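The values are calculated or read from the model by the stated rules, or taken from the named source; none is laboratory data. Computed from a prediction, not measured in an experiment: that's the story for all the values here. Quick note on the areas: whole protein, heavy atoms, side chains included, nothing else; ligands and nucleic acids left out. Shrake-Rupley method; radii C 1.70, N 1.55, O 1.52, S 1.80 Å.
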Amino acid sequence: GEAGEGDAADDGGELASGAASGTSLSREARTSSTPAADGSNVITLRKPETFTSHLDAVELVLLDQVRSKSERFFRETNRFSELQRLVSDSVDEVRDLRTELHSIRERCVTNVEVVPIMDGKRRDLRCVLRVLEAVEDVANCKASIASLMGAGDHLGAVEAIRLARELL
């Protein structure tokens, strides 16, 4: 009996120092339930078999937590991937819209610049048309002057020459 108590006391010291240093406990310290001989309180532990039901419960709770967290993680990962895809698609759309807007601006600016130029060309062409009509009238007068002179209508030829001078 006394040897067992001494062993328990020695093991209790090992238990206290083992718990502090994280070392494993001896079999006798785990099964001992007697206080130390010097009157100090010794923590007694139950046999490991008594902890298995508690460890099983903890393991199951941890497994459930991991399972629920992993489902959330994968769900959030999928949501993040979807969000990333949406952002990428939106960036592509904005880039396309900017390109189209740039093209529209170029056409509008070009058209705005072209309108006055084309209007000036139209005025110039109208002037050229009037000159060409006058040249045609002079050419017609010239042809008529030769025929009037050949017919002996000198007064008609003079009138045609006066008309041609007015046109010029």
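Figures for the structure shown
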item	result
Accessible area (Å², 1.4 Å probe, nearest 10) - R105	150 Å²
Surface accessible to a 1.4 Å probe, D64 within the full protein complex, Å²	80 Å²
For I117, solvent-accessible area (1.4 Å; no DNA, RNA or ligand), Å²	100 Å²
Potential lengthening between M118 and L86 on full extension [0.36 nm per residue; Cα-Cα distance subtracted]	6.9 nm
